[in-house]
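The values are calculated or read from the model by the stated rules, or taken from the named source; none is laboratory data. All values derive from a computational prediction rather than experimental measurement. Quick reminder, even Gly has a Cβ in these numbers, built from the backbone with ideal geometry, and neighbours come from all protein chains shown.
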Amino acid sequence: MRDPIFEPITINNLKIKNRIYLPAMHLGMAQEFEVTDQIINFYAQRAKGKPGMICAGYATVDELSGNTQNIGAHDDKFIPGLQKLSNAIKDNGSLCAMQINHAGRYNFSFFLNGKQPVAPSPIASRMTRETPKEMTVDDIEETINAFAQAALRVQKAGFDAVEVLSGTGYLISEFLSPLTNQRSDNYGGSFENRRRFGLEVVTAVRDAVGEDYPLIVRMNGNDFMPGGNSRLELQEYAQALSDGPVDALCINVGWHEARVPQIVASVPRGTFSYLARGIKEKVSVPVIASHRINDPETARQILDDGMCDMVAMGRSLIADPMLPEKTRLGKEKEIMHCIACAQGCFDNLFKLKHVECLCNPLAGHEGAYPVKKAASPKKILVAGAGPAGMTAALTAYSRGHNVTIYESHTRPGGQLYLAASPPGRQEFAQLAKDLETQITAKKIPIVLSTDLTQTLIKKENPDMVILATGAKPLVPPIPGIDLPHVVESWDVLQNKVFTGKKVAIIGGGAVGVETALFLAEKGTLSAEAVKFLLVNRAQDPETLFKLATQGTKQITLIEMLDKMGTDIGKSTKWGMMQDLGRYNVKTMTGSKVINITPEGLEVENEQEGNIHEIEADTVVVAAGSVPYNPLEPVLEKMGVNYRIVGDTKQVGTAFNAVHQGYKAGVEI
């Protein structure tokens with residue numbers, strides 16, 4: 001049976017065995033621009049999964065184009081390291097490209113030893129809050145040559161292709177956009193002039209590497225920047241690239257400053273493939289679609305629908321390096337999917353840490369924490385089948401231990417299903433299903449609807465017990481907390497309780513924000529309804545927007561701290577805060593609930609000292625959670641060895657739970 005994913009494709013003269021392209025992603029793993037063993041191990045592992053082509057990078061073109069955690073391509077001294085990387089990828093089964101780029105005004109002066117970043121015009125970046133230096137014509141010519149020389153080094157280092165980044169708000173797209181290019185010379189003004197720099201860069205690269213060397217450009221299909229390049233302008237730019245020296249186009253989405261979510265779970269799978277289609281219909285070279293293509297079925301569908309010629313699957317292969325091979329061998333059900341949480345990839349980069357992954361605790365640690373067979377296999381019982389418990393069980397089993405899981409609920413997954421309840425967070429249920437599939441595939445016994453008790457422990461006589469019983473909601477000592485109209489956020493998210501029209505939520509952390517958004521969607525139009533009404537022109541777009549964002553509940557979210565969502569990752573938080581406003585959720589920070597009454601609650605503003613009365617038909621408590629660990633004193637008394645993982649040890653994120661579970665399984 002035909003599978004579009006595994007049909008070969010040719011770029012220039014390079015024959016690629018399948019349609020999966022691993023795009024360049026900043027990993028934060030280079031040291032002083034040098035390729036490290038960590039980078040080599042990371043990409044070698046992905047190459048073993050055999051995507052058609054892996055694009056590493058980005059790599060710098062000059063000293064102002066990146067920081068020391070980027071791979072260097074701006075000096076000949078980096079060629080040996082680049083060659084080790086290209087060899088590692090090719091030796092393990094994939095073709096390889098290297099992306100080259102200049103950050104422009106997206107660079108930070110503290111990465112440049114105090115030097116000022118450069119850009120087409122001295123316009124401050126909302127991301128860096130620094131004003132760059134305007135490039136002179138001499139600067140422009142030097143930078144064009146720097147791109148060409150970097151491409152030549154990539155070619156000399158044995159890479160099968162070079163990719164030029166011409167999007168995401170970096171230097172080339174800064175020249176292209178009227179928002180950041182206000183020059184009055186031949187590189188500014190008209191769209192023809194603004195695109196000149198990008199076209200001269202790729203022409204210089206082509207001249208350097210020769211006609212037969214594959215040249216790819218990664219560009220935006222839409223900047224999502226009001227007042228920036230239109231989608232039609234970018235299609236025109238794509239035509240100019242493909243009519244000139246470029247052999248393929250990889251279509252990116254948005255700038256880093258854009259206020260449209262691009263990579264998080266609220267973005268439906270494959271949504272942005274329409275941008276690739278718009279460009280594919282205008283050009284004659286292969287087009288690669290990007291963003292939120294995290295499973296083979298989505299990839300297969302957009303390929304078969306003619307939306308693109310290849311699919312970029314980046315974070316998908318961070319989560320499961322073997323995704324292409326599992327797909328080819330008919331083992332799609334065993335794939336660990338990227339759930340677009342951004343907790344280990346993008347959020348880590350904001351902390352200047354290297355890339356990791358919630359779903360794959362080995363990501364970024366390839367070779368550092370190998371799973372070795374235990375010298376003396378043990379009998380292990382796991383209490384709890386949440387992410388920590390299942391990960392611990394899988395890891396211990398892979399080391400040869402005899403493992404059985406006990407779960408008090410009717411299905412595995414724990415709080416992952418709770419996390420999946422709010423709008424745009426459904427992907428967390430995918431992780432629960434993937435872990436359960438792995439447990440089933442390895443035939444690890446899992447006993448549902450059963451608490452691990454002292455009686456069972458005595459009967460089983462284990463060598464070790466892993467405690468992964470999770471957490472329970474925190475009940476704050478507020479007068480009136482036991483009134484009948486007070487409910488728990490966990491019950492709300494699981495549709496176990498009904499709420500009135502006026503809802504007050506105590507707690508503006510992650511769970512409180514998620515509960516507010518969950519309730520805010522009550523009474524709004526579904527995506528299916530919006531499309532039906534739009535296609536039939538039953539309502540105008542502005543009315544549809546209101547009907548899709550204005551629900552039937554009046555929600556007030558109350559937080560003691562001076563900010564909402566302090567425990568939400570940076571990549572996800574800004575979108576959720578944006579949605580609170582969009583869905584008309586009233587927020588109160590620096591506010592403490594001092595009393596719950598039959599009519600609502602009383603709130604004290606800690607800065608002003610004023611007390612406000614808020615009417616509420618329902619009061620939802622989202623004050624956080626505390627570890628639930630009833631078995632530890634039992635095991636202490638019995639003298640049985642144990643390990644504590646996840647929320648049972650300390651309430652944290654799903655990322656913490658998975659990584660702690662893995663560590664426990666490796667160390668037993």
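Looking at Glu615, Glu636, Glu602, which is the one that is assigned by TED's automatic domain parsing to the domain that holds Gly509, over 27 Å from Pro423 (Cα atoms) and out of contact with any Ser or Thr (no Cβ under 8 Å at 6 or more places or on another chain)?
None of the other options fit; the residue is Glu602.
Filter the stretch 294-348 down to residues that are closer than 14 Å to Glu7 by Cα, of a type in the set (Val, Ile, Thr), under 18 Å from the mean Cα position of the chain (by Cα) and assigned to a helix (DSSP H, G or I), then give me how many there are.
Adding up the residues that qualify gives 0.
Matching residues to (1) among the hydrophobic types (A, V, I, L, M, F, W, C); (2) assigned by TED's automatic domain parsing to the domain that holds Ile251; (3) assigned to a loop (DSSP other than H, G, I, E, B); (4) under 20 Å from the mean Cα position of the chain (by Cα):
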| residue | (1), (2), (3), (4) |
| --- | --- |
| Leu27 | yes, yes, yes, yes |
| Gly57 | no, yes, no, yes |
| Leu64 | yes, yes, yes, no |
| Phe78 | yes, yes, no, no |
| Lys84 | no, yes, no, no |
| Lys90 | no, yes, no, no |
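Any residue at all in the stretch 271-282 that's farther than 24 Å from Pro51 by Cα, out of contact with any Lys or Arg (no Cβ under 8 Å at 6 or more places or on another chain) and either aromatic (Phe, Trp, Tyr) or surrounded by fewer than 20 Cβ atoms within 10 Å (Cβ to Cβ) (or both)? Spell out the reasoning first.
To start, the set of residues in the stretch 271-282 that are farther than 24 Å from Pro51 by Cα comprises 278, 281-282.
Right, trim to out of contact with any Lys or Arg (no Cβ under 8 Å at 6 or more places or on another chain) and you get 281-282.
Applying the additional criterion that residues be either aromatic (Phe, Trp, Tyr) or surrounded by fewer than 20 Cβ atoms within 10 Å (Cβ to Cβ) (or both) yields 281-282.
Yes, the stretch 271-282 contains at least one residue that is farther than 24 Å from Pro51 by Cα, out of contact with any Lys or Arg (no Cβ under 8 Å at 6 or more places or on another chain) and either aromatic (Phe, Trp, Tyr) or surrounded by fewer than 20 Cβ atoms within 10 Å (Cβ to Cβ) (or both).
Give just the number: which of (1) farther than 19 Å from Ile466 by Cα; (2) modelled with pLDDT of 95 or more; (3) of a type in the set (A, V, I, L, M, F, W, C); (4) buried (at least 20 other Cβ atoms within 10 Å of the Cβ) does Ile446 not satisfy?
All conditions are met except number (1).
Give Arg206, Arg196, Arg183 a once-over and let me know the one that is touching a Ser or Thr at 6+ places or on another chain (Cβ under 7 Å) and surrounded by fewer than 21 Cβ atoms within 10 Å (Cβ to Cβ). So that I can check it myself, show each step before the final result.
Numbers: Arg206 fails: touching a Ser or Thr at 6+ places or on another chain (Cβ under 7 Å); Arg196 fails: touching a Ser or Thr at 6+ places or on another chain (Cβ under 7 Å).
None of the other options fit; the residue is Arg183.
Yes or no, residue by residue, for (1) part of a strand (DSSP E or B); (2) surrounded by 13 or more Cβ atoms within 10 Å (Cβ to Cβ):
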| residue | (1), (2) |
| --- | --- |
| Leu533 | no, yes |
| Thr543 | no, no |
| Leu547 | no, yes |
| Leu557 | yes, yes |
| Asp579 | no, yes |
| Val593 | yes, yes |
| Glu636 | no, no |
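Quick one: which of Gly81, Gly114 is more than 27 Å from Val253 (Cβ to Cβ), surrounded by fewer than 17 Cβ atoms within 10 Å (Cβ to Cβ) and out of contact with any Ser or Thr (no Cβ under 7 Å at 6 or more places or on another chain)? Let's see the steps before the verdict.
On the way: Gly81 fails: surrounded by fewer than 17 Cβ atoms within 10 Å (Cβ to Cβ).
The unique qualifying residue is Gly114.
Looking only at the stretch 181-209, filter to residues that are among the small types (Gly, Ala, Ser) and in contact (Cβ under 8 Å) with a residue 12 or more places away in the chain; which one of those is nearest to Lys156 (Cα to Cα)? Before the answer, list the steps.
In the first step, residues of the stretch 181-209 are kept if they are among the small types (Gly, Ala, Ser); the result is 184, 188-190, 198, 204, 208.
From what is left, the residues that are in contact (Cβ under 8 Å) with a residue 12 or more places away in the chain are 188, 198, 204, 208.
On the way: Gly188: 34, Gly198: 23, Ala204: 16, Ala208: 11 Å.
Among them, the one singled out is Ala208.
Quick check, is Ala527 buried (at least 16 other Cβ atoms within 10 Å of the Cβ), within 25 Å of Ser489 (Cβ to Cβ) and within 27 Å of the chain's Cα centre (by Cα)?
Numbers: buried (at least 16 other Cβ atoms within 10 Å of the Cβ): no; within 25 Å of Ser489 (Cβ to Cβ): yes; within 27 Å of the chain's Cα centre (by Cα): yes.
Spelling it out, it is not the case that Ala527 is buried (at least 16 other Cβ atoms within 10 Å of the Cβ), within 25 Å of Ser489 (Cβ to Cβ) and within 27 Å of the chain's Cα centre (by Cα).
What pairs come up if the first residue lies in the stretch 345-358 and is closer than 13 Å to Phe42 by Cβ and assigned by TED's automatic domain parsing to the domain that holds Asn294, the second is outside any loop (DSSP other than H, G, I, E, B) and among the aliphatic types (A, V, I, L, M), and their beta carbons are under 7 Å apart, counting only those six or more places apart or on different chains?
Cys345/Ile318
Cys345 passes all but one of (1) crowded, with 20+ Cβ neighbours inside 10 Å; (2) at pLDDT 95 or above; which number fails?
The one condition Cys345 does not meet is (2).
In the stretch 433-463, what residues are touching an Asp or Glu at 6+ places or on another chain (Cβ under 9 Å) and among the β-branched types (Val, Ile, Thr)?
Thr437, Ile446, Val447, Thr450 - these are the residues of the stretch 433-463 that are touching an Asp or Glu at 6+ places or on another chain (Cβ under 9 Å) and among the β-branched types (Val, Ile, Thr).
When you check Ala388 against the structure, is it not in a loop (DSSP other than H, G, I, E, B) and not assigned by TED's automatic domain parsing to the domain that holds Asn294, yes or no? Talk me through it step by step, then tell me what you get.
Working: not in a loop (DSSP other than H, G, I, E, B): yes; not assigned by TED's automatic domain parsing to the domain that holds Asn294: yes.
Considered against the rule, which asks whether it is not in a loop (DSSP other than H, G, I, E, B) and not assigned by TED's automatic domain parsing to the domain that holds Asn294, Ala388 comes out as yes.
Just to be sure I understand the filter: pairs with C-beta atoms under 6 Å, separated by 6 or more residues or on different chains, first member in the stretch 239-266 and in contact (Cβ under 8 Å) with a residue 60 or more places away in the chain and at positive phi, second member part of a loop (DSSP other than H, G, I, E, B) and not acidic (Asp, Glu). Which pairs pass?
Going by the 6 Å Cβ cut-off, the qualifying pairs are Gly254/Phe224; Gly254/Val260; Gly254/Gln262.
So for the stretch 611-625 (the condition being surrounded by 16 or more Cβ atoms within 10 Å (Cβ to Cβ) and under 27 Å from Lys379 (Cβ atoms)), does at least one residue qualify?
no
Do we find a residue being assigned to a loop (DSSP other than H, G, I, E, B), among the β-branched types (Val, Ile, Thr), in contact with a strand residue (DSSP E or B) (Cβ under 8 Å, 6 or more places away or on another chain) and at negative phi anywhere in the stretch 141-158? Let's see the steps before the verdict.
Keep residues of the stretch 141-158 that are assigned to a loop (DSSP other than H, G, I, E, B), which gives 157-158.
Then drop every residue that is not among the β-branched types (Val, Ile, Thr), which leaves none.
No; the residues of the stretch 141-158 include none that is assigned to a loop (DSSP other than H, G, I, E, B), among the β-branched types (Val, Ile, Thr), in contact with a strand residue (DSSP E or B) (Cβ under 8 Å, 6 or more places away or on another chain) and at negative phi.
Inspect the stretch 509-520 for any residue being aromatic (Phe, Trp, Tyr) and either crowded, with 16+ Cβ neighbours inside 10 Å or closer than 28 Å to Gly386 by Cβ (or both) and give the result as yes or no.
First, the residues of the stretch 509-520 that are aromatic (Phe, Trp, Tyr): 518.
So of that shortlist, the ones also either crowded, with 16+ Cβ neighbours inside 10 Å or closer than 28 Å to Gly386 by Cβ (or both) come out as 518.
Yes, that holds for at least one residue.
Among the candidates Ser121, Ser109, which residue alone is over 27 Å from Ala161 (Cβ atoms), of a type outside the set (A, V, I, L, M, F, W, C), under 27 Å from the mean Cα position of the chain (by Cα) and in the same structural domain as Ser166 (by TED's automatic domain parsing)?
Numbers: Ser121 fails: under 27 Å from the mean Cα position of the chain (by Cα).
Sole residue among the options that is over 27 Å from Ala161 (Cβ atoms), of a type outside the set (A, V, I, L, M, F, W, C), under 27 Å from the mean Cα position of the chain (by Cα) and in the same structural domain as Ser166 (by TED's automatic domain parsing): Ser109.
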